[in-house]
Amino acid sequence: MRPLLWVIVTAKLLVEVAALSLLGQMVLGWLIGPKRQGNLVYRTLQTVALPAHRLAGMLSARWVLEQHRPWVALALLALAWCALTIGKIVHCLNAGVAQCLA
C-alpha cells in the first residue's frame, strides 16, 4: 500500500469510528434517558467521541448551544468523511486502481 493511501485510509477509519460512536451515543442516550451518565457503554462511547465533540466546540460559534454540539460534530465528521472518500478516489484513479486493490 502506498504511504499516501495508507494515511487517507487510516484517517477515514478514525472518522468512521468517531462518527459511529457519536451516533451510538445519541441512540443510547435516547433509549436510556436521564440515567445515561451512569451507563458504562454510554460513557465509553462518550470517551471515543470526545475529540470530535471538542473540535465541534472550538469550531462552532458561541451561540451554538451545548446540547447541539454533537450534531455539529456529526456534520463535521460527515464532511471529513466525504472529503477523505473523494481524496481516496482521486488518489486511486491517479495511481491506478490495481495498486489500490493490492
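Each reported figure results from applying straightforward, stated rules to the coordinates on display, with no laboratory input. Because the structure is predicted, anything quoted here is derived from the model rather than measured. Glycine also receives a Cβ, built like all others from the backbone with ideal geometry; neighbour counts cover every protein chain displayed.
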Give me the number: length gained by fully extending L4 to C82, i.e. 0.36 nm times residue separation minus the C-alpha to C-alpha distance, one decimal in nm.
26.4 nm
Looking at the square roots a ≥ b ≥ c of the eigenvalues of the Cα gyration tensor of the range 1-57, which shape do they give, rounded for a/c under 1.5, prolate if a/b is larger than b/c, or oblate?
prolate
Sequence of V9, V15, V97 once ranked by neighbouring C-beta atoms within 10 Å, starting from the fewest
V97, V9, V15
Could you derive backbone 3J(HN,Hα) for the range 22-28 from the dihedral phi with the Karplus parameters 6.51, -1.76 and 1.60 (θ = phi - 60°), listing whole Hz in sequence and x where the residue is Gly or Pro?
5, 5, x, 5, 5, 5, 5
Within the chain, cysteines having no neighbouring cysteine beta carbon under 4.7 Å are C82
Which residue fluctuates the most in the chain, going by a Gaussian network model with Cα springs under 10 Å, if the choices are L22, L76, L40?
L40
Between A98 and L59, take the C-beta separation as r, use R0 = 41 Å, and let me know the FRET efficiency to the nearest 0.05.
0.60
What helix-only [θ] at 222 nm does the chain give? Using -39500 (n - 2.57) per DSSP H run of at least 4, over all residues, to the nearest 500, the answer is -28000 deg cm²/dmol
Using θ = phi - 60° and the Karplus form 6.51 cos²θ - 1.76 cosθ + 1.60, what ³J(HN,Hα) does each residue of the range 60-68 get, whole Hz, x for Gly and Pro?
7, 6, 5, 7, 6, 5, 4, 6, 9
In what order do M26, M58 fall by count of nearby beta-carbon atoms within 10 Å, going from fewest to most?
M58, M26
The alpha-carbon pair-distance distribution computed for the chain, with 5 angstrom bins and whole-percent values, is 2, 13, 19, 18, 15, 12, 9, 7, 4, 2, 0
